[in-house]
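Visitor: Before anything else, here's the structure in question.
The values are calculated or read from the model by the stated rules, or taken from the named source; none is laboratory data. Everything numeric in this text was worked out from a predicted model, so none of it was measured. Heads up, the Cβs are rebuilt from the backbone with ideal geometry, glycines too, and the neighbour counts pull from every protein chain shown. SASA here: full protein model, heavy atoms, side chains in, ligands and nucleic acids out. Shrake-Rupley method; radii C 1.70, N 1.55, O 1.52, S 1.80 Å.
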Amino acid sequence: MGTGASTPKRAALTQHTADDADGTPGASSTLPDSNSPTRRDSVTENPQQSIPASEAPGKEPKDEEGGLFMGFGEAKPSVLEASASDEDDNSDVEPGNNSLSDDDVIRAQFQEVLSENEKLYNKAHTMWQTKQKGTQGFSSNDFIGILAKVHSSYFIYQRKTSKPHLREELKILLGERLVRSGLASSLCDIAQEIIEHRETHTGDNKDDSGGQARVLETTLRTLWNFTDWNPPVSKCVCSNGKLLPTLVRKLDEFFPALSEGLLGSLEKVIVKVALSVVHNVDLEDENVPFVRDIPGILNTLNKYINSDNNDIYRFLAMLTIADLVTDENRDQLTAQAETISYLLNLLREALKSEDHMARVHRGTFDVSELVRAVKHLARNDENKTLMLQHNALPILTAGLTSDYIKEKRGCMESLWWLSFNKKIGEKMMQETEMLDRVVEIYKDKDDECHKAADGMLFELREVLQNHTREDLRQLGKTLMTSGESGNAPDNPRHVMLSYSKANRELVTKVCTFLKEHNIPVWMDIFNMADAEDTTSQAMAEAVEGSVVFLMCYSKNYKNSQYCKQEADYANKLKKYIIPLKLQPGYDPTGWLGFIIGDKFFFDFTKEALHQQKLQKLTQKVKDRFRKSCPDEVDGAVVTEGEHGMSVVVDSSHGGMVLSAPKSQTRDEILKWEQKDVAAWMERFCLKGKKIEVLTGMEIAFLHEMKSEAPEFFYQMLASHLQLKTVPDMAKFTYALKKIGQTP
C-alpha cells in the first residue's frame, strides 16, 4: 500500500482531496478523518502536509521535558517549506508525461537523481549518528528539515514514468540507495526508540505537539512509502528486529482506545502506519516467516478485522493476515462479505485506471497488490463462495489482458484457485469471455501464464464436455487422460515422484538412488522434454501409470496448485501413496493432511540419515512392486512358486533361482486368532502378558511399522509392550521378521 501522490503506485496517506478545507493544496490536516480509508505508502509529496494539525505553521511546537528528542522544538516552518520547493526542483518530468518513452533513457536520467538522493541519505544518516554519539554539531532544526527532504525524495520515481513495471524498478533503485547509506536502518531505530519512550495519549487535545512527534510521524511515513514493494528496504526493516514487534505491540495496546474513539492524533497515525508497514513487509515472501513469528500478531490483526473501526483498518488487517496464515490457522483466512466486496471493487477500479492504481481518499492500492490478496484469500472455500457472489469472475477476466505479467499471472492463478470449487467451475461455463481468454493463454505455450491456464482447464475438463459450444466440448475431451478415456496401459510400471520445485534438489537424489537400484522412476525433469512447460494432462497420466506415488511434501507442496492436482488425482485413483517429509517441523493439515491421514511417512528432514532412509524406502518400494502383480525389480521378474517360495527368473543367469521362503501376506496375519498368536510366541520363546493379548491386526500393524517408522516402533515396544531391555526388543523384532516362514 502507498500514500497518494500524482499517479503512482502507493503514495502519501495525506494526499489533498476535493473535500479539503478550502480546496487548495496544503490546507488540509495531514491526518485524514478517522473514518476515511487510507493506504499503504505514506505521506504526500508536500512535506508540509506531513505535519499534524497541531504542528502546522504558526503554532510553536513543544517537546516533552526530558524526551528523547529534547530540543527538537526549534524547527521553523520555513525549513519545511523550503524542503518542499527543493523537492519540486528535482522533478523534470510532470506526472503522467510520457514524452520519455524509451525506458533506457529514463533509467540513464534517473541515475543522476539517484546520486543526488544518496548524498541526501548519507547526510541524514551521519546527522543521526552524531546525535546518537552525543557529539557537538548536531542541529535538531536541520535534522527535521532533512528528514522532510528524505520523505519527499520517494516521489521522484513517480514523475519519471507512468509505466508500472518501470516505476517499480526505479523505486527499488531508490530503496537500494536508502539501505546502502545506512539511513533505512537508522529510520527504524529512530521510530522504535521514540515509540518506546513515548507515553500513549488519548484525545487530540492531550496529544503532545513537540518536535519529537514531528520526527516520529515523518520517519514513520517515510518507512511506509519506502517499504512498498521494495525488497531491499523491507528486508532491512526485518533485519532491524525491533521495529515490527514494537509496532504490533502498539497496535494491540491502542486498540481499546481506538475502538472507543479516544486515541490521540499521533497514535492514530501510528496505527495506520503500523498496519501499512507490516503489510508492505510481508508482500515479500522471504519476509513472511519473520512477520508470522511476531508474538501475538494474528490475534492482534483479528481484533482489527472483527472490529467496528473504519474500513481501512479491517481491510489492511485482512490483506496482511492473508499472507501470514498457515494450514494450522487457516480458519482465520475467512473474510467478511464487506471486505471481499471492498477488495474486488478496488481491483476493478485499479484495472480500469491508466496507472493501474485504485485511489482510496488519501491512499492508493495497485493491481499487483490487490490481486495477490484475492489469490491468497481464494485458498479458503468460504471466501471462494463470497468472491463468486461479488462478481470476481468478470473482474479477474479483465486482468487477463494486462500488459504486466505480475498482474496477469495473479488474475490467472486466482481463477485457477477458484476453479477447484465445483459450483464455481459450473458457473465458469457461463463466462464465455473468460473461457476464451484462458484458452488463448493455454494455446500459447510461450505465454508466462500458460501453466496456470493449463491447470485451470484441466480442473474444468469434465464440465467443459457439457458446454454448449462445440470447440469447448472438444477441448474438454482432449484434456481427459488416457485412463479417463479408457486407453490407460494395462499394467502400471513406475514410481512417480510428486514434489514442489523448491525441493527439487533433494527429490532428484531420491530419484537417482531408486534408479541405481533398478526401480523405474517417473520424474518430470527426466520424463518430459521441458519440465517448466509440463501439462496437467501429462502429469495425470504419469499418476495413472504409477505403482507407487511418492508424495514429497512440505509447506511449498501444500501451497502448490500443481501438487494439489497430482495428489488429489492419485488419491482418487487409490494409488499406493508413500509420503516423504522434507520440511522439519511441518505437520500437514487441510487437503494434504486428509490425504496423508495415518499413513507412515519417511522422514527426510535430517541429511545425516538420508542414506539410511533411502535404503529403507527402496526396500518398501520393491515390496510394493512384488505385491502388485509380476513386476520387474532388480532386472528380474518375481513370481510366487510352491510352498511359499519366491521364484526369481533372472535372465542374466539364464535360469531359475529359489529365494528365501516368502513371508505371509498382511491379509493372512490379519486372520490370526489367539491360538496363532500363542503358537508364534512359543516358536520364538516370547513372553509377556502385553504380547499375549495382541490381535492379528495389531501384529500386522507392528510388522509394517518396523520398516516404515522404526523410531516409533521401538518406542511402542518400550511403552506399550513393556519390552525394556535390548535382548527382549531384539527377540521380538526377530520374531516379527520371521513371521510366516517355515520353521
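Visitor: About its Cα centre, how strong a charge dipole does segment 378-525 have in debye, to the nearest 20, once Lys and Arg get +1 and Asp and Glu get -1 at the Cβ?
Guide: Dipole magnitude for segment 378-525 comes out near 380 debye.
Visitor: Then there's this: Each label point is 7 Å from the Cα along the Cα-to-Cβ direction; what then is the distance between the points at Gln615 and Glu286, in nm?
Guide: Result: 3.9 nm between the two label points.
Visitor: Extending each Cα 7 Å along its Cβ direction at Lys738 and Thr478, get the distance between those two points in nm, one decimal.
Guide: It works out to 6.3 nm between the two label points.
Visitor: So if we plug the beta-carbon distance of Glu692 and Ser628 into 1/(1 + (r/R0)^6) with R0 = 51 Å, what FRET efficiency do we get, rounded to 0.05?
Guide: Between Glu692 and Ser628 the formula returns 0.90.
Visitor: Contact order normalised by length for segment 368-509, with contacts defined as Cα pairs under 8 Å and 6 or more residues apart; what percent is it?
Guide: With pairs under 8 Å counted, the relative contact order is 17 percent.
Visitor: Quote the FRET efficiency, to the nearest 0.05, computed for Ser719 versus Glu382 with a Förster distance R0 of 45 Å and r equal to the Cβ-Cβ distance.
Guide: Once rounded, the FRET efficiency stands at 0.65.
Visitor: At 1.4 Å probe size, with every protein chain present, just tell me what the per residue accessible area of segment 393-441 comes to in Å².
Guide: Heavy-atom SASA per residue in segment 393-441 reads 41 Å².
Visitor: Let me ask you something else. Counting C-alpha atoms alone, how compact is segment 260-408: give Rg to one decimal and Dmax as a whole number, in angstrom.
Guide: Calculated on Cα positions, Rg and Dmax stand at 15.2, 47 Å.
Visitor: For segment 370-433, what does the alpha-carbon gyration tensor say about shape, rounded, prolate or oblate, given a ≥ b ≥ c as the root eigenvalues, a/c under 1.5 as rounded, and a/b over b/c as prolate?
Guide: Verdict is oblate for segment 370-433.
Visitor: Moving to a separate point now. Distance between the C-alpha centers of segment 668-696 and segment 450-467? Whole Å please.
Guide: 54
Visitor: When the convex hull of the Cα atoms of segment 520-632 is projected onto a plane and the area is averaged over all directions, what value comes out in nm²?
Guide: 7.6
Visitor: What's the extension gain from Ser307 to Glu470 if we count 0.36 nm per residue and subtract their Cα-Cα distance?
Guide: Contour length minus Cα-Cα distance gives 53.6 nm.
Visitor: Report the far tail of the P(r) of segment 354-483, meaning the percent of Cα-Cα pairs longer than 22 Å.
Guide: Of the Cα pairs, 36 percent sit more than 22 Å apart.
Visitor: Step through the table entries Lys443/Lys627; Lys427/Lys509; Lys384/Lys555; Lys149/Lys555; Lys250/Lys581; Lys408/Lys606, compare each Cα-Cα distance with 32 Å, and write down the pairs that go over it.
Guide: Lys443/Lys627; Lys427/Lys509; Lys149/Lys555; Lys250/Lys581; Lys408/Lys606
Visitor: Which of the peptides 164-176, 451-463 is most tightly packed, and how do the rest follow, going by the mean number of other Cβ atoms within 10 Å of each residue?
Guide: The most tightly packed comes first, giving 451-463, 164-176.
Visitor: Go through Lys160/Lys268; Lys575/Lys738; Lys445/Lys564 and tell me which ones have a Cα-Cα distance over 26 Å in this structure.
Guide: Check vs 26 Å cut-off fails for Lys160/Lys268; Lys575/Lys738.
Visitor: Further question on the same structure: Along the positive direction of the dipole of segment 421-480 (beta-carbon charges: Lys, Arg +1; Asp, Glu -1; about the Cα centre), which of Tyr442, Leu464, Ala453 reaches farthest?
Guide: So the residue we want is Leu464.
Visitor: Separate question: For segment 217-330, taking Cα atoms only, what is the radius of gyration to one decimal and the Dmax to the nearest whole Å?
Guide: 13.2, 38
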